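The structure appears right after this line, and notes come after that.
Values in this text are rule-based calculations from the coordinates and carry no lab data. Because the structure is a prediction, the values reported are computed rather than measured. Neighbour counts run over all protein chains shown; Cβ positions are idealised from the backbone, glycine included.
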Amino acid sequence: MNAGPEARQKKGIREISPIDVYRLLPKTNCQDCGESNCMAFATRLVNGELVLGDCPPLHATEYQEPYRELATLLAPPVRAVTFGTGDQECITGGKYVLQRHEFTYHNPPPIAIDVDDSMPEEELVARVRAIGTFSYNYIGRTLTLNAVAIRSVSGDPATFGKTVRKVAASTDFPLILCSLDPVVMEAGLSEVKDRKPLIYAATGNTWKQMADLALAYGAPVAVHTDGDLSLLRSLVKTLRAYGISDMILDPGTLSDDGLSETLQNFTALRVAACRDFDELSGFPLLGVPLAVWTSEEISQEVLKWRETITASMLMSRYADLLIMHSLDGWVLLPQLIWRFNLYTDPRKPVSVESGVRQFGRPQKTSPILITTNYALTFFTVESDIKAANLDCYLIVADTGGLSVESAVAGRYFTAESIASALKTCDAETLVSHRYLIIPGLAARLSGETEEATGWHILVGPKDSSGLPQFLREHWPPAAE
Amino acid sequence: MPPENKGRAQGITGNDLLTLAPKIMDLLNGVQQLELEHFSMEIGDLDLFIPTTISSHAPQVIPPAPILSDRPASLLQETFPLRETTYPGSIREVVLGATKPEGGSRGRSITIGGATQPAYADRRHPPLHPPAISLDVFDMKVPLPKVLRQHIDEVMEDPAEWARLNVKKFGADIVTLHLMSTDPLLKDATTAEACRTVEEVLQAVDVPLIIGGCGDPRKDAAVFKAVAEMAEGERLLLNSVTLDMAEARTLESVAKAARDHNHVLLAFTGLDLNSAKELNRRLYEYIPPEQIVMDLTTVALGYGLEYSFTIHERARQAALMGDTELAHPVISAATNAWAAREAWMKMAPVYGSRELRGPVWETINALTLLLAGIDLFMMMHPASVLTLKDVIRRMGNAGTATDAPRVFRDWVGVRI
C-alpha cells in the first residue's frame, strides 16, 4: 500500500511516550492547563484525557511549528468527523487502535434512524419525535439514539426539500441527507444551511457535484461504493485533492450471504488505517443495517431480527456510525447497551471497593443487604436502590470482582465470606435487628449462612429490580 | 482476582496517577484503584500502559487536508491491495466425541479449533472447522425463564428425552449434560447416579457430549473420574477443571482420568489470561494439549460482555502471535446471556416483548463472541441456535467457501 513517506513516520498511540510529547511542549510549567507541570500534561495528553487545545501557550505564533508537529503526532489514524451542530452534534471515528484492548475506543458510534420523503406529514413528525425520545436507563445512564437520516424516496427535489425542512423543524438531532442525486441533495441542503448535515453520498458517478455541494455547504460527505475498496480509495484521494477533509466511508452493507464480505471490507479498511496508517483508509466507517429492508423477505419480524444482528456485528467490527430503520425497543436495546459497553475503557477496574454503603436515611430498623463487588453487579444494585428511593444499608463483599452467580459457583461468596463481611462492616452496630437479605442467586447459601453468622437470612430477589416489591412483602420481617 | 499487581506501569501507581489527575477521582467515585492485571497486553510491549479512565473527549487534533490549487477534473486512480497477514502461531485442533472405530460410540466426532487467522477477518482464510453448537440439558428441574422453558417443558425432568429433542428438533451438534444434582448443596447425587444419567444420554443420542459438573472441586473430581471411566473412549468434554481443583489437590486425578480414558478437559478460568495460562501449564503435566479446550468466561450483554469480548480477542491475538499456552479452542456459554434482566424481564411496551428480547440477547451474545474467535457455543433458545447456524454457514468455512452471488440494492430510495 503506497501510503507515502508521511504515513511511515506515523506512530501508533501506544508507541508515543509522554517524553515524545513533552519535548514539543513549551516546557514553561505555567499550569494554565490545570496540571502541575508540562510532563503531567504530556502524560494525560497521550492517554487521550486532554487535547492540545488545553495548553494555551502552545497556540502562540512562536510555537506554530511544534504545534503542527504535535498535531500530526497525536492525530488518530482514523479521523474524527463531526456532523450536526450544538450539544447534539455527532462525532464519528477518531479511533486510535484496531482492538479496544490496545488502548480504548473513542466516540461511540452514533445511531441514526431513517425517515423518508414519502411519509405523510403527521407520520413523519411522529416518527421524528419517537426517535428523539427513545431512551433506556442502564445502570444509571440514559442511553439514546443520535441522528435522523432522511431518505429521498420520491426522487423529487421539492418533495425532499420540504421533508428536510419539516424534520429540521421537529428535531435538534443531527441530520443525514440521503440521495444519490446531486440535484435532490442540493434541495435538501438549502433547507438546513446551518445544521452541518452529513451528505450521503458521493459515488463514482457523482463525486464532483457532491464535492461542490460539500464545499458550498460546509458539510461532511459520505463516500459510497458497492464493496469496491479500490474505487473507495480513489474517491477519497480525489476528494481530498478537491479540498474535502471530512469524509465517512461506506463500503456497502450486505446482510445474509454478503455479510462476510462486508465484515471483511470493514476489517480491511480499519487494519489499513490502524496498522499501516494509510491516510486514504483513515476515515470513519458507515454501517447500514437498514440495507436488510431491501431484501425480498416480507416478514417484518424477520427483517427486524436481521437488522439487529447485522447492527451488532458491524458495531463489533469497527462501524463508527450506523443507519437503521427499526424503532422497536428489542432491536435497539442491544445496540445501545453493546455500544456503551464496547466503548468503556478496558483499563477501568472490574471491581468496586468492598465495604458498606448507605442509601437514603437508614434507621436501626432498616433493611441490610449484601452483594458482591463486581462493578456491574454493584452499579446495577445501586441504580435499582436509588431508583426506588430505598433507605437501607448495602454490604459489598469482596469476591475478587466476580458477580453473584460466578462468586457462588467459584466459592468466593460463601457463608464464611458473608460472616466475615458482616464483621468487617460492624453490621451489628448499624442495625438493631438480625435479618440479612442475600441475593436470590445465592439462595443455596442461606442455611449455611444462618449457621455461620447467627443472623436470620432472607433470600432476596434474583434480580435487584425486584427489591422494592420484595421489601414491600417481606419488610419488616414477621416476628417469630 | 488477587489484589496485588494493581495499576503499576512505568513505575506509576494508581495513587500517583490520582494525585496527578484529580479529576479521575471524581470519575472513579469510590471505585477501587485501577486494576490493570486483567487487561494488560499479554504479548507485545508494556512500554506505555498507563492506567487511566474513560475520557469524554479524544484528542481532536487534525491536520488540515492538503488543498491543492487545481482541483482534479477526473478520478485519481488508486488501488486497495488486500493485505495478507500471516501469523506464526495457530490454534490446536481438538476432537470431541469418538465413533466406534475411534473407540467410542458416537455417530460422528467433531473437530474444533485450527484457526490460523483472527475470526472472519479475511475471507481468503475461512475457519478450518465451523464453530459447533451444543445445547444444554439439566439433570434436575432448574428455574428457567419462561421463554426458554416453553420449548422444553415436557422433557425437563428426563435428560435423555431432552437430549433427543435438542438433537432431533433443534439441530444440536453436541449436547451438554449439566449434572447439577451432584451439588452437595442441592441434591448431592452420588457418582453412581451421575454415571447412570450420562449413560442414558449416551444411549439416547449419538452426538458428542459435554459433561458439566456442579462447581465443587472435590465433588466434580469424583464425578468426572467415575464418568470418565464409565464412558471409556467417548472423548467427552469434561466441564470443567479449575485452579480451585489444583488448590483442592483434585486436578491431577481428573486430568489423569481424562488422559487414561480418552476424554477432553475444559479448563475454566475467570476473565484472566494469566490464570488461564497457569491452569493449562498444570494440565500439560498430565495430558496432551490436544485434549484441552478453554473457557475464559462468558458474561451477559449488559453485565460485562465487553470483558469476555476483549479477553477472547487478546487470547486469540496472543495465540496467533505464538503463545502456545493460549493456543486452544475456546468455548462460550452464550446461555449466560439470560442472566441479563433485559433478556427475561417484562419491560415497558416500547422495549418489545421478552419473547423477542430474550433470544435476541442470547443471539447477540453469541455472535459478538463468534467474531472474537469462539469455536464452540453452549446455547439454549432454538431461534438463537438457528440464527447462529445460519450466520456461521453464510460466513463460510474451509469446506464450503464459495462466493454466493451478492447484490447491493438501493436502500436510499426503497419504500419500506
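How high is the relative contact order of segment A:355-474, in percent, with contacts defined as C-alpha pairs under 8 Å that are six or more residues apart?
On the way: 214 pairs, mean separation 33.7, N = 120.
Over segment A:355-474, the number comes to 28 percent.
Distance from a point 7 Å along Cα→Cβ of A:Asp257 to each backbone N in segment A:264-300: keep the residues under 14 Å and list them by number.
Output list for this probe position: A:295-297.
Work the Kirkwood hydrodynamic radius out for segment B:202-335: mean of 1/r over every pair of different alpha-carbon atoms, inverted, in Å.
Taking every pair of different Cα atoms in segment B:202-335, averaging 1/r and inverting gives 15.1 Å.
Treating only the Cβ atoms of Lys and Arg (+1) and Asp and Glu (-1) as charged, compute the dipole magnitude of segment A:80-342 about its Cα centre; round to the nearest 20 debye. Let's see the in-between values first.
Numbers: 22 positive and 32 negative charges, 157 e Å.
Rounded to the nearest 20 debye, it is 760 debye.
What percent does the relative contact order of segment B:153-303 come to when contacts are Cα pairs within less than 8 Å and at least six residues apart?
This gives 17 percent for segment B:153-303.
Tell me which aspartates and glutamates have Cα within less than 19 Å of A:Lys237's Cα, excluding those fewer than 8 residues away on the same chain?
Within the straight-line cut-off, A:Lys237 pairs with A:Glu6, A:Asp212, A:Asp226, A:Asp228, A:Asp246, A:Asp250, A:Asp276, A:Asp278, A:Glu279, B:Asp70, B:Glu78.
Indicate the gyration tensor shape class of segment A:4-74 (rounded, prolate or oblate), computed on the Cα atoms with a ≥ b ≥ c the square roots of the eigenvalues: a/c under 1.5 is rounded; otherwise a/b larger than b/c is prolate and the rest oblate.
In terms of gyration-tensor shape, oblate.
Would you mind listing how long segment A:355-474 runs along its three principal axes, going by Cα atoms, in whole Å with the largest first?
Principal axes ranked by extent give 33, 28, 24 Å for the Cα atoms.
Taking every DSSP beta bridge with both residues inside segment A:355-474, roughly what % is antiparallel (nearest 5)?
30
Taking every pair of Cα atoms in segment B:74-138, average 1/r, invert it to obtain the Kirkwood radius, and report Rg/Rh to two decimals. Show your work: numbers first, answer last.
Numbers: Rg = 19.1 Å, Rh = 15.3 Å.
Expressed as Rg/Rh, it is 1.25.
What is the Cα centroid distance between segment A:318-355 and segment A:65-85, reported in whole angstrom?
26
Taking the Cα centre of the protein assembly as shown as origin, work out the dipole magnitude from +1 charges on Lys and Arg Cβ and -1 charges on Asp and Glu Cβ, in debye rounded to 20.
Its charge dipole is roughly 700 debye.
Could you sort the peptides B:145-158, B:206-219, B:367-380 by per-residue average Cβ neighbour count (10 Å cutoff), highest mean leading? Each step should come with its number before you reach the end.
Details: B:145-158: 15.1, B:206-219: 22.7, B:367-380: 25.6.
Going from most to least packed, we get B:367-380, B:206-219, B:145-158.
Could you work out how far the C-alpha centroid of segment A:410-442 sits from that of segment B:194-273, in angstrom?
33
Hey, what's the Kirkwood Rh for segment B:263-416 if you take every pair of different alpha carbons, in angstrom?
Hydrodynamic radius (Kirkwood, Cα pairs) of segment B:263-416 is 17.4 Å.
Under a straight-distance cross-link criterion of Cα-Cα below 20 Å, which aspartates and glutamates are reachable from A:Lys27, leaving out those fewer than 8 residues away in the same chain?
A:Lys27 reaches A:Glu35, A:Glu49, A:Asp54, A:Glu62, A:Glu65, A:Glu69.
If you take each beta carbon of peptide A:333-339 and count the beta carbons of other chains within 10 angstrom, what is the mean?
What the average comes to for A:333-339 is 6.
How high is the relative contact order of chain A, in percent, counting Cα pairs under 8 Å that sit 6 or more residues apart?
Reported as a whole number, the value is 12 percent.
Calculate the length of the line joining the C-alpha centroid of segment A:100-171 to that of segment A:363-405, in whole Å.
So the two Cα centres are separated by 37 Å.
Identify the trypsin sites (Lys or Arg not before Pro) of segment B:258-292 meeting these criteria: DSSP loop state and at most 11 other C-beta atoms within 10 Å of the C-beta.
Numbers: sites: B:Arg259, B:Lys277, B:Arg281, B:Arg282; in loops: none.
Counting only loop positions with at most 11 other Cβ atoms within 10 Å, none of the trypsin sites (Lys or Arg not before Pro) in segment B:258-292 qualifies.
Once Lys and Arg get +1 and Asp and Glu get -1 on their Cβ, which of B:His312, B:Ile416, B:Leu271 lies farthest toward the positive end of the dipole of segment B:266-416?
B:Ile416
Across peptide A:400-408, what mean number of C-beta atoms from other chains lies inside 10 Å of a residue's C-beta?
5
One quarter of the convex hull surface, Cα atoms only: what value does that give for chain A in nm²?
Hull-based average projected area comes out at 28.1 nm².
Mean projection of the alpha-carbon convex hull of segment A:299-352 over all orientations, in nm²?
Taking a quarter of the hull surface, the average projection is 4.5 nm².
In the calculated pair distance distribution of the protein assembly as shown, what percentage of Cα-Cα distances lie above 38 Å?
46
For A:236-249, what's the mean count of beta carbons from other chains sitting within 10 Å of each residue's beta carbon?
Values: counts 2, 5, 8, 5, 6, 8, 7, 7, 3, 6, 2, 1, 0, 0.
What the average comes to for A:236-249 is 4.
Among bridges DSSP assigns within the protein assembly as shown, what percent are antiparallel (round to 5)?
25
Regarding segment A:80-342, what whole-number volume in Å³ per residue does the convex hull of its Cα atoms give?
121
Which Cα, out of A:Pro66, A:Leu369, B:Met378, lies furthest along the positive dipole direction of the protein assembly as shown (beta carbon charges, K/R +1, D/E -1)?
Projecting each Cα onto the dipole axis, the largest value belongs to A:Pro66.
Measure up B:Lys141/B:Lys389; A:Lys162/A:Lys304; A:Lys304/B:Lys169; A:Lys166/A:Lys193; B:Lys169/B:Lys346; A:Lys462/B:Lys346 against 18 Å on the Cα-Cα distance and list the ones that go over.
Result: B:Lys141/B:Lys389; A:Lys162/A:Lys304; A:Lys304/B:Lys169; B:Lys169/B:Lys346 exceed 18 Å.
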